[in-house]
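See below for the structure under consideration.
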Amino acid sequence: MTNRELISAAMKAREKSYCPYSNFAVGAALLTKGGNIITGCNIENAAFSPTNCAERTAFFKAVSEGITEFDRIAIVGGSVDGPIENFCYPCGVCRQVMMEFCDPDSFTIISAISEDNYREFTLKDLLPEGFGPDIL
């Protein structure tokens, strides 16, 4: 699975975003260790706090199906009214969910504007002193 293919899947997931309040659509494509892609989009709620990010949607879908080993995730986001112009990064809550299931030294987070314009980070890059299960 190439990064381009994963980013393309995230872009398709973004099309399903439910974001009537922010008009900021996000898509994520999570690659499992088994080679499957689990997608997610952001799902907003009028009460705001029940809103779920695209990254967590993908993780929760995977875990609910018994999948708990992951390789990388691609994330794209931007205004529903125009092209993607900026890199979109996972929020702190999403980073913490990733920490629960992923090795911070090897799990890769791809933030993309297009299939050819993207940045890669490890989870440890984005959450350097993360709180994970190994601390308990």
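If you check GLU44 against the conditions, is it touching a Phe, Trp or Tyr at 6+ places or on another chain (Cβ under 6 Å), at negative phi and not hydroxyl-bearing (Ser, Thr, Tyr)?
So GLU44 fits the description; yes.
PRO133 fails exactly one of the following numbered conditions: (1) touching a Gly at 6+ places or on another chain (Cβ under 6 Å); (2) farther than 19 Å from ASN42 by Cβ. What is the number of that condition?
(1)
Scan region 10-36 residue by residue and report those that are buried (at least 21 other Cβ atoms within 10 Å of the Cβ) and either in contact with a strand residue (DSSP E or B) (Cβ under 6 Å, 6 or more places away or on another chain) or touching a residue at least 60 places away in the same chain (Cβ under 8 Å) (or both).
Once the filter is applied, which keeps residues that are buried (at least 21 other Cβ atoms within 10 Å of the Cβ) and either in contact with a strand residue (DSSP E or B) (Cβ under 6 Å, 6 or more places away or on another chain) or touching a residue at least 60 places away in the same chain (Cβ under 8 Å) (or both), region 10-36 yields ALA10, ALA13, ARG14, SER17, VAL26, GLY27, ALA28, ALA29, LEU30, LEU31.
From the residues in region 53-91 that are touching a helix residue (DSSP H, G or I) at 6+ places or on another chain (Cβ under 8 Å) and part of a strand (DSSP E or B), which one is farthest from GLY35 (Cα to Cα)?
Among residues in region 53-91 that are touching a helix residue (DSSP H, G or I) at 6+ places or on another chain (Cβ under 8 Å) and part of a strand (DSSP E or B), the one farthest from GLY35 (Cα to Cα) is GLY77.
Contact list please: Cβ distance under 7 Å, first residue in region 99-111 and polar (S, T, N, Q), second residue assigned to a loop (DSSP other than H, G, I, E, B) and crowded, with 19+ Cβ neighbours inside 10 Å, pairs at least six apart or on different chains.
SER111/CYS88
Touching a Lys or Arg at 6+ places or on another chain (Cβ under 7 Å) and either surrounded by 13 or more Cβ atoms within 10 Å (Cβ to Cβ) or among the acidic types (Asp, Glu) (or both): does that describe PHE101?
It is false that PHE101 is touching a Lys or Arg at 6+ places or on another chain (Cβ under 7 Å) and either surrounded by 13 or more Cβ atoms within 10 Å (Cβ to Cβ) or among the acidic types (Asp, Glu) (or both).
Here is a list: GLU120, GLU100, GLU65. Which entry is under 21 Å from ASN3 (Cα atoms) and at pLDDT 95 or above?
Among GLU120, GLU100, GLU65, only GLU120 is under 21 Å from ASN3 (Cα atoms) and at pLDDT 95 or above.
Every residue in region 98-113 that is closer than 14 Å to ALA28 by Cα and touching a Pro at 6+ places or on another chain (Cβ under 9 Å), please.
MET98, ILE109, SER111, ILE113
Before we move on, is PHE87 touching a Lys or Arg at 6+ places or on another chain (Cβ under 9 Å), under 15 Å from ILE109 (Cα atoms) and among the aromatic types (Phe, Trp, Tyr)?
The answer is yes for PHE87.
Please go through region 8-39 and give me each residue that is of a type in the set (A, V, I, L, M) and not in a strand (DSSP E or B), ordered by number.
ALA9, ALA10, MET11, ALA13
Taking the residues in region 40-90 that are crowded, with 20+ Cβ neighbours inside 10 Å and among the polar types (S, T, N, Q) as candidates, determine which candidate is nearest to GLY130 (Cα to Cα).
THR57
The values are calculated or read from the model by the stated rules, or taken from the named source; none is laboratory data. In this text, all values refer to a predicted model and were calculated from it rather than measured experimentally. Cβ atoms come from the backbone with ideal geometry, glycine included; neighbour counts cover every protein chain shown.
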